[in-house]
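See structure below.
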Amino acid sequence: MSAHIRPDLDAIPAYVAGRNQPGVVKLASNETTFPPLPSVAKAIAEAAELVNRYPDNSAIELRTAIAEFHGVEVANVAAGCGSVAICQELVQITCLAPTDEVLFAWRSFEAYPIVAQVAGAKAVQVSLDGEYAHDLDALAAAVTPNTRVVIVCNPNNPTGTALGAAAITRFLDAVPTDVLVVLDEAYYEYMRLDDHPNGVELGRDRPNVLVLRTFSKAYGLAGLRVGYAVGDPRVITALMKVHIPFSVNRVAQAAAIASLEARHELLERTDAVVAERDRMRDALLAAGYLVPVSSSNFVWLPLGARSAEYGAASAEAGVLIRPYGADGVRVTAGDPHENDLFLSFATAPETLARFLG
Ligand SMILES: *Cc1c(COP(=O)(O)O)cnc(C)c1O
């Protein structure tokens, strides 16, 4: 007999990471293609010399740097082993009963249904609108007395759509103040909206709002696993109670501090990514694809039932992209030559005849 495992886990989809294959272009995980800056690589090397010691469990130096960056107190900041870990912690601090609800749009980030179900909470999904964006009115209307957390992914992964500050503010006004609203801003640095929705500013006077940011995307530290939350000290304190001790390691803390110091250089790099993203979208639109406006470092092709087949064909052409069920495929903006390889597959007459014909 093998060990007893919770039977409900059979129903939970395992997190599917982007595929990786040597010699193949990988546009499947929204990573940045730029290597670490020399100053960041140096901080990593120096921290590596001390890994016989436990890291600072309270990550005080990193949290202080983040607090200064955002103009908040250290008590407003929690660090996590990637912002995905904080997502999981957020469900743990808000949900206990099986009737407790975690509300989010769908399709959105793959991790949300998983963290809800692992915590034994009920995942409640509200469809995106016809433009592949959050339907905030429907989301607000779906709040019930059992709702404990609402997660808004802005810009949304995997569709790339973003909502401006006015829309988010109206939503925050509509949600009861005893419901935690999580603004997941993993792709914040790629937004170029006039009505720029900075969750930290929007949440300043709202203790039920918590913002998630990560060093994995624009800051280029996906391999080190560090993200953070900005919110009310009561929520931050609760997060620290469920935090896995020392899960933000010393190397990650040092790299994140160095990255914040080098933020001007790192954020400048996002202009090149944004230009590539827009170039890809323009080329795909010209070829006849439907492509929602993207505010992130990827584009979304709503190919419906053909998505898996399209993903396989792209892999065969040497480019790994990410298909999502029967909804669509997500393609990360990589280096220009990588994107060109994808575009030459995507706009080839055979591909167009097969998938858009
Ligand atoms: C990539 C991503 C994150 C960040 O993940 P890390 O755990 O910080 O690497 C969070 N939310 C969304 C929607 C993402 O796409």
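The values are calculated or read from the model by the stated rules, or taken from the named source; none is laboratory data. Remember, it's a predicted structure, so these values are computed and weren't measured experimentally. No Cβ is skipped: glycine too gets one built from the backbone with ideal geometry, and neighbour counts run over all protein chains shown. Just the protein is used for accessible areas: all its heavy atoms, side chains included, with ligands, DNA and RNA removed. Shrake-Rupley method; radii C 1.70, N 1.55, O 1.52, S 1.80 Å.
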Divide by every residue of the chain the summed helix terms, -39500 (n - 2.57) for each DSSP H run of at least 4, and state the resulting mean residue ellipticity at 222 nm, rounded to the nearest 500 deg cm²/dmol.
-11500 deg cm²/dmol
Estimated translational D of the chain in µm²/s (Stokes, Kirkwood radius over Cα pairs; 37 °C; 0.692 mPa s):
155
Would you mind giving the three semi-axes, in whole Å and largest first, of the ellipsoid equivalent to segment 175-299 according to its Cα gyration tensor?
30, 21, 13
Which residue, chosen from 69, 237, 30, occupies the Cα position most advanced towards the positive end of the dipole of the chain, where the dipole is computed from +1 (Lys, Arg) and -1 (Asp, Glu) charges on Cβ about the Cα centre?
237
Using Cα-Cα distances under 8 Å and only pairs 6 or more residues apart, what relative contact order does the chain have, in percent?
22
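Give the carbon-plus-sulfur fraction of the accessible surface of segment 216-286 in %, rounded to a whole number; probe 1.4 Å, heavy atoms of protein chains only.
55
Hey, could you get me the Stokes-Einstein D for segment 1-111, Kirkwood radius over alpha-carbon pairs, 10 °C and 1.306 mPa s, rounded to whole µm² s⁻¹?
Diffusion coefficient, whole number: 84 µm²/s.
Take the solvent-accessible surface of the protein heavy atoms, probe 1.4 Å, and return the percent of it on segment 47-181 that carbon and sulfur atoms account for.
Answer for segment 47-181 is 52 percent, counting heavy atoms of protein chains only.
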What span do the alpha-carbon atoms of segment 89-142 cover on each of the three principal axes, reported in whole Å from largest to smallest?
34, 22, 14
Quick check: convex hull of the Cα atoms in segment 227-357, volume per residue, rounded to a whole Å³?
166
I need to check one value: relative contact order of segment 236-357, counting alpha carbon pairs closer than 8 Å and at least 6 residues apart, in percent.
21
Per residue, how many Å² of accessible area does the chain show with a 1.4 Å probe?
44
Candidate lysines - alpha carbon under 30 Å from residue 26, same-chain residues fewer than 8 apart omitted:
42, 217
Could you sort 107, 192 by their accessible area in this structure, using a 1.4 Å probe and putting the largest first?
192, 107
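By the scheme Lys and Arg +1, Asp and Glu -1, what is the net charge of all other residues having a beta-carbon under 13 Å from that of residue 273? Write down the numbers at each step before the final one.
Details: positive: 192, 217, 269, 277, 279, 281; negative: 31, 189, 268, 271, 276, 278, 335, 338.
Taking every Cβ under 13 Å from that of residue 273, the sum is -2.
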